[in-house]
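Below is one structure, written out as structure tokens; the observations come after it.
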Amino acid sequence: MKLKILVGTMTGTAEYVAQAIQMDCADLLDDIEVLMMDDLDISAFGDAPAEGLLYLICTATYGAGDVPDNARSLYESLDTQPRYLGHVRYGVLALGDSAHEPTFCLGGRKFDERLQDLGAQRIGEVWCHDASSGTLAETEGTLWCREWLKLALTTA
């Protein structure tokens, strides 16, 4: 089984969370790759089923509920270059701040909505980290990811 973590970030927090997951979950998977979303488009999801491949969207929310600048090309390509992604199994780890309630974790939720519209199969629920909670995103994110990976491995 392989996990590709696609990272959308403005300040580096999502990248730090992805790297923490890569290190902490190495005992569950042999192959965890962290990819920044810079210059990616829908082709990042491949054209056909790849046996044992999972995707994790790890993204912040920026501005008024937008995806980070480095994630914009990938996000927009899901709309401008749509194709069926039924072979894609994925999860979403969204970062946000509940102080901005109307747009809390909207970056991750937007990715989830577009992926589902294209037939991709989400595993589990979208997980949201609240910057106002006083907890570290990398600590909470790795705990969540360990449980998410166990679920993904049992439903493979």
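The values are calculated or read from the model by the stated rules, or taken from the named source; none is laboratory data. Keep in mind that what you see is a predicted model, and the values were worked out from it rather than measured. Please note: Cβ atoms are built from the backbone with ideal geometry, for glycine as well, and neighbour counts cover all protein chains shown. Surface areas here come from the heavy atoms of the whole protein model, side chains and all, with no ligands, DNA or RNA. Shrake-Rupley method; radii C 1.70, N 1.55, O 1.52, S 1.80 Å.
Just one of the numbered conditions (1) buried (at least 17 other Cβ atoms within 10 Å of the Cβ); (2) modelled with pLDDT under 95; (3) polar (S, T, N, Q) is not true of Thr59: (2). Looking across the range 27-55, the residues that are small (Gly, Ala, Ser) and either open to solvent by 70 Å² or more (accessible area, probe 1.4 Å) or modelled with pLDDT under 95 (or both) come down to Ser43, Gly46, Ala48, Ala50, Gly52.
Go through the range 112-142 and give me each residue that's among the charged types (D, E, K, R), in a strand (DSSP E or B) and under 11 Å from the mean Cα position of the chain (by Cα). Please lay out each step first, then the result.
As a first pass, look at the range 112-142 and keep what is among the charged types (D, E, K, R): 112-114, 117, 122, 125, 130, 138, 140.
Remaining after also requiring in a strand (DSSP E or B): 122, 130.
Passing the criteria: only Arg122.
Open to solvent by less than 50 Å² (accessible area, probe 1.4 Å) and either within 20 Å of Ile5 (Cβ to Cβ) or assigned to a loop (DSSP other than H, G, I, E, B) (or both), is that true of Ser77? So Ser77 passes the test.
If the condition is being polar (S, T, N, Q) and in contact with a Gly (Cβ under 8 Å, 6 or more places away or on another chain), then the range 108-127 contributes only Gln121.
What's the total number of residues in the range 7-32 that are part of a strand (DSSP E or B) and closer than 16 Å to Thr59 by Cβ?
Count: 2.
Here Pro102 fits the description: surrounded by fewer than 16 Cβ atoms within 10 Å (Cβ to Cβ), out of contact with any Lys or Arg (no Cβ under 9 Å at 6 or more places or on another chain) and of a type outside the set (D, E, K, R). The residue that is least open to solvent (accessible area, probe 1.4 Å), among those in the range 64-74 that are more than 12 Å from Gly108 (Cβ to Cβ) and touching a residue at least 40 places away in the same chain (Cβ under 8 Å), is Leu74. Condition first: free of Cβ contacts under 8 Å to residues at least 12 places away in the same chain and either under 24 Å from Tyr84 (Cβ atoms) or among the acidic types (Asp, Glu) (or both). Now tell me which residues in the range 1-29 satisfy that. If the condition is that a residue be free of Cβ contacts under 8 Å to residues at least 12 places away in the same chain and either under 24 Å from Tyr84 (Cβ atoms) or among the acidic types (Asp, Glu) (or both), then Asp27 is the only one that fits.
Arg109 - would you say it is free of Cβ contacts under 8 Å to residues at least 24 places away in the same chain and either within 23 Å of Ala20 (Cβ to Cβ) or under 15 Å from the mean Cα position of the chain (by Cα) (or both)? Spelling it out, Arg109 is indeed free of Cβ contacts under 8 Å to residues at least 24 places away in the same chain and either within 23 Å of Ala20 (Cβ to Cβ) or under 15 Å from the mean Cα position of the chain (by Cα) (or both). Only residues that are modelled with pLDDT of 95 or more, among the aliphatic types (A, V, I, L, M) and either out of contact with any Pro (no Cβ under 7 Å at 6 or more places or on another chain) or open to solvent by 60 Å² or more (accessible area, probe 1.4 Å) (or both): list them for the range 109-148, please. Selection gives Leu115, Ala120, Ile123, Val126, Leu143. If you check Ala152, Ala99 for being within 21 Å of Thr13 (Cβ to Cβ), at pLDDT below 95 and in a helix (DSSP H, G or I), only one passes: Ala99.
Considering the range 80-99, and only residues there that are hydrophobic (A, V, I, L, M, F, W, C) and more than 12 Å from the chain's Cα centre (by Cα), the residue that is most open to solvent (accessible area, probe 1.4 Å) turns out to be Ala99.
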